[in-house]
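Report on the structure given below.
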Amino acid sequence: MYDIAVIGAGPAGTTLARLLNEKYKILLIDKHNYGQSSPAHDRKCCGGLLAPDAQKLLSQFGLGLPKDILVSPQIFVVRTMDLKSGRERFYQRHYINLNREKLDAWLFSLTADAVSYLPDTLFKSCERKSDYVELELWSRGQSFKEKARVLVGADGARSRVRKVCFPHKNRQKLYFSLQEWFEVQKPAPYFSAVFDPAITDFYAWTIPKEEHLLVGAALERGSAIHAKFSLLKEKLEHYGYRLGRSVRKRGAFVQRPVSGRCLCGGGRHAALVGEAAGWISPSSAEGLSYAFKSALYLARALWQGLEGFHARYKKQCARLRRNILLKNLKSPFMYNYHLRNLILRTGIGHVELAGRGFDEHSK
Ligand SMILES: Cc1cc2nc3c(=O)[nH]c(=O)nc-3n(C[C@H](O)[C@H](O)[C@H](O)COP(=O)(O)OP(=O)(O)OC[C@H]3O[C@@H](n4cnc5c(N)ncnc54)[C@H](O)[C@@H]3O)c2cc1C
């Protein structure tokens with residue numbers, strides 16, 4: 001019998017396991033294998049930008065990033081483009097540009113030796129007994145069971161734990177994100193945030209990654225996503241983005257918690273952290289800081305013991321909930337056409353470009 005079973009060895013699951021492994025006997029389960037270098041397509045499809053909030057959390061954890069996780073260039077500017085009005089502005093931001101596969105592998109390595117790890121293992125279902133949870137797992141063609149006092153779902157946007165344990169709290173708004181990597185000679189050193197209602201009511205982006213340009217978009221489900229992605233690429237080329245040979249195209253679901261009903265931190269015997277709970281920015285889809293923070297909050301609740309952890313976690317989650325609801329209040333300034341263009345027109349916060357580094361992809 002384990003104290004805690006954590007489903008998902010992404011940033012939320014590995015952070016939680018690391019913060020609890022000295023106090024508890026932990027079982028960490030993932031349908032992929034973070035313990036060996038598996039093909040990149042097995043891993044998370046992500047922009048790999050570490051926002052200031054996520055950097056702050058790493059500093060609280062006393063962690064510094066190994067340099068081989070970083071990718072060039074480091075980014076200080078966001079180009080915000082409204083394709084419908086043709087308006088654009090540059091804003092200063094401080095992201096760390098990194099390789100997401102390597103980030104996940106590094107976070108995993110920090111806890112791997114201190115927990116029991118089941119790779120290539122799918123969580124299918126569970127049954128609540130009087131004082132423990134029996135997990136139904138599946139690996140290499142075989143079903144088997146494990147027991148734990150507490151179950152934690154850190155299994156991302158389409159959380160199976162959430163679906164099984166909290167079927168009545170499944171009112172998530174899910175988008176499908178597509179990302180495609182193009183060979184380019186010298187990608188311009190900025191992150192582009194692209195707004196166009198003909199493509200999505202959320203947003204699209206470009207991120208330079210070494211000798212590649214990553215083009216991505218969060219698209220409404222079931223709405224001709226491939227045609228809309230092609231339209232995005234066409235429009236970007238019109239704006240001067242030279243997209244060379246495509247080397248990789250991947251997709252993943254992403255949550256957009258547009259209201260409190262999309263959020264669920266869990267219950268008495270099962271807790272949810274990271275995107276499984278809906279902890280992700282509804283305005284930018286930045287999720288790493290929320291994965292770290294929710295893992296920290298749940299760890300704090302569990303440090304005091306398994307008994308009553310749910311009420312303690314719920315209390316901490318109120319802060320995350322408020323933060324997400326505030327971001328929703330800010331969203332109209334990004335996602336309402338008229339308000340966005342009002343802001344773009346005023347030029348508040350805009351950085352006047354003085355160098356020649358951006359010429360290549362300018363309109
Ligand atoms: C295209 C895209 C780009 C993004 N870009 C950024 C960005 O640049 N910066 C940023 O901060 N955020 C970004 N995000 C959001 C960010 O990736 C997520 O919010 C973050 O990964 C959430 O971490 P997590 O640990 O909760 O879940 P995940 O990272 O999704 O990890 C979940 C883990 O659970 C495992 N799993 C799932 N189901 C099961 C199961 N049934 N059984 C066993 N294991 C299971 C998966 O294999 C995975 O390892 C992006 C998201 C997308 C889709």
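The values are calculated or read from the model by the stated rules, or taken from the named source; none is laboratory data. Owing to the predicted nature of the structure, the values given are computational and were not obtained by experimental measurement. Cβ sites come from the backbone with ideal geometry, for glycine too, and all protein chains shown count toward neighbours.
Count of segment 165-215 residues, restricted to those that are within 13 Å of the ligand (Cβ to nearest atom) and free of Cβ contacts under 8 Å to residues at least 60 places away in the same chain, is 4.
With respect to Ala271, is the statement that it is of a type in the set (A, V, I, L, M) and touching a His at 6+ places or on another chain (Cβ under 8 Å) true? Criteria met by Ala271.
Take the conditions (1) modelled with pLDDT of 95 or more; (2) on the phi > 0 side of the Ramachandran plot; Gly86 misses just one of them, which is (1). For segment 166-206, the candidate set comprises residues that are in contact with a Gly (Cβ under 7 Å, 6 or more places away or on another chain), of a type outside the set (Ser, Thr, Tyr) and not in a loop (DSSP other than H, G, I, E, B); within that set, the residue that is surrounded by the fewest Cβ atoms within 10 Å (Cβ to Cβ) is Glu183.
The number of residues in segment 257-285 being within 13 Å of the ligand (Cβ to nearest atom) and β-branched (Val, Ile, Thr) comes to 2. Of all residues in segment 289-318, those that are farther than 19 Å from Gly8 by Cα and free of Cβ contacts under 8 Å to residues at least 40 places away in the same chain have Cβ atoms under 7 Å from Cβ atoms of residues that are away from the ligand (no atom under 16 Å from the Cβ) and small (Gly, Ala, Ser), 6 or more apart or on another chain, in Arg312/Ala301; Gln316/Ala301. Comparison of Leu288, Leu325, Leu298, Leu320 shows that the only residue that is away from the ligand (no atom under 16 Å from the Cβ) and among the aliphatic types (A, V, I, L, M) is Leu325.
The strands (runs of 3 or more DSSP E) found entirely in segment 28-132 that carry 3 or more residues being of a type in the set (Val, Ile, Thr) and in contact (Cβ under 8 Å) with a residue 60 or more places away in the chain are 75-82. Annotation note: Cβ proximity below 7 Å between a residue of segment 217-240 that is more than 18 Å from Trp181 (Cβ to Cβ) and touching a residue at least 40 places away in the same chain (Cβ under 8 Å) and a residue that is surrounded by fewer than 18 Cβ atoms within 10 Å (Cβ to Cβ) and among the aliphatic types (A, V, I, L, M) (sequence gap 6+ or interchain) occurs for Arg221/Leu174. Collect the residues in segment 47-60 that are touching a Phe, Trp or Tyr at 6+ places or on another chain (Cβ under 9 Å) and more than 15 Å from the ligand (Cβ to nearest atom), keeping them in residue-number order. Of everything in segment 47-60, just one residue is touching a Phe, Trp or Tyr at 6+ places or on another chain (Cβ under 9 Å) and more than 15 Å from the ligand (Cβ to nearest atom), namely Gln60.
Taken over segment 308-345, the criterion of being among the hydroxyl-bearing types (Ser, Thr, Tyr) and either touching an Asp or Glu at 6+ places or on another chain (Cβ under 8 Å) or closer than 15 Å to Tyr203 by Cβ (or both) is satisfied by Ser331, Tyr335, Tyr337. Note on segment 133-157: residues that are part of a strand (DSSP E or B), within 13 Å of the ligand (Cβ to nearest atom) and of a type in the set (A, V, I, L, M, F, W, C) amount to 5. Residues of segment 81-119 that are exposed (fewer than 15 other Cβ atoms within 10 Å of the Cβ) and within 14 Å of the ligand (Cβ to nearest atom): His94 alone.
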